[in-house]
Structure formats: C-alpha cells, structure tokens
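Asks: Take a look at the following structure, please.
The values are calculated or read from the model by the stated rules, or taken from the named source; none is laboratory data. Only a predicted model underlies this, so the values are computations on that prediction, with no experimental measurement involved. Note that we place each Cβ from the backbone using ideal geometry, even for glycine, and neighbour counts take in every protein chain shown.
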C-alpha cells in the first residue's frame with residue numbers, strides 16, 4: 001500500500017518555547033498598556049463627554065493583539081503575533 005499522506009513538517013519546540021516566553025512578557029506589557037488606554041479614555045470621556053476615536057481604535061487593535069498572543073500561547077495558532085507578523089487592524093466601525 002502506497003502512503004500518500006504528507007506529514008506536517010517537524011516543529012522546533014525549543015524555538016517555540018523561547019517565542020512563548022517572549023510573548024508572555026509582551027502580553028503582560030500590553031495588558032498594562034490596555035489599562036492605561038482605558039484610564040485615558042475614561043478621563044477624555046469625562047472631560048469631553050465623548051470617547052476619543054483614536055484611543056478607541058487603538059484599544060480595539062490592542063485587544064486583538066492580546067487575543068493573538070493567547071492563541072499562540074495555547075497552541076491554538078502556529079503564527080507568532082507582532083513583531084513576527086503584522087499588527088492587527090481594528091475592526092471597521094459601522
């Protein structure tokens with residue numbers, strides 16, 4: 001019987017482990033940036049009675065970045081997030 005199923009290329013788990021460690025540090029830093037963005041947004045909202053659109057878009061893309069890191073850390077994705085790929089674009093507002 002001829003085997004025609006191609007096997008997936010072997011992963012280098014040492015490199016993956018190093019990337020996971022770096023992404024865990026990036027996750028914690030990005031989470032603190034998200035806290036700062038949320039506090040700034042609150043201050044702007046109190047001062048101007050409206051949300052800052054740039055902070056809103058940045059916060060949305062930062063949330064997507066945190067989700068990408070979580071997916072990479074839990075092996076749900078094999079694609080390493082930024083800076084190894086593009087920064088996630090925020091969803092288009094309606």
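For every residue, the table says whether it meets (1) surrounded by 10 or more Cβ atoms within 10 Å (Cβ to Cβ); (2) outside any loop (DSSP other than H, G, I, E, B); (3) in contact (Cβ under 8 Å) with a residue 40 or more places away in the chain.
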| residue | (1), (2), (3) |
| --- | --- |
| 23 | yes, yes, yes |
| 27 | yes, yes, yes |
| 31 | yes, yes, no |
| 39 | yes, yes, no |
| 50 | no, no, no |
| 56 | yes, yes, no |
| 66 | yes, yes, no |
| 70 | yes, yes, yes |
| 83 | no, no, no |
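Asks: Quick one: which of 44, 84, 75 is modelled with pLDDT under 95, under 21 Å from residue 19 (Cβ atoms) and more than 13 Å from the chain's Cα centre (by Cα)? Break it down into steps so the answer makes sense when it comes.
Replies: Details: 44 fails: under 21 Å from residue 19 (Cβ atoms); 84 fails: more than 13 Å from the chain's Cα centre (by Cα).
After ruling out the rest, the residue left standing is 75.
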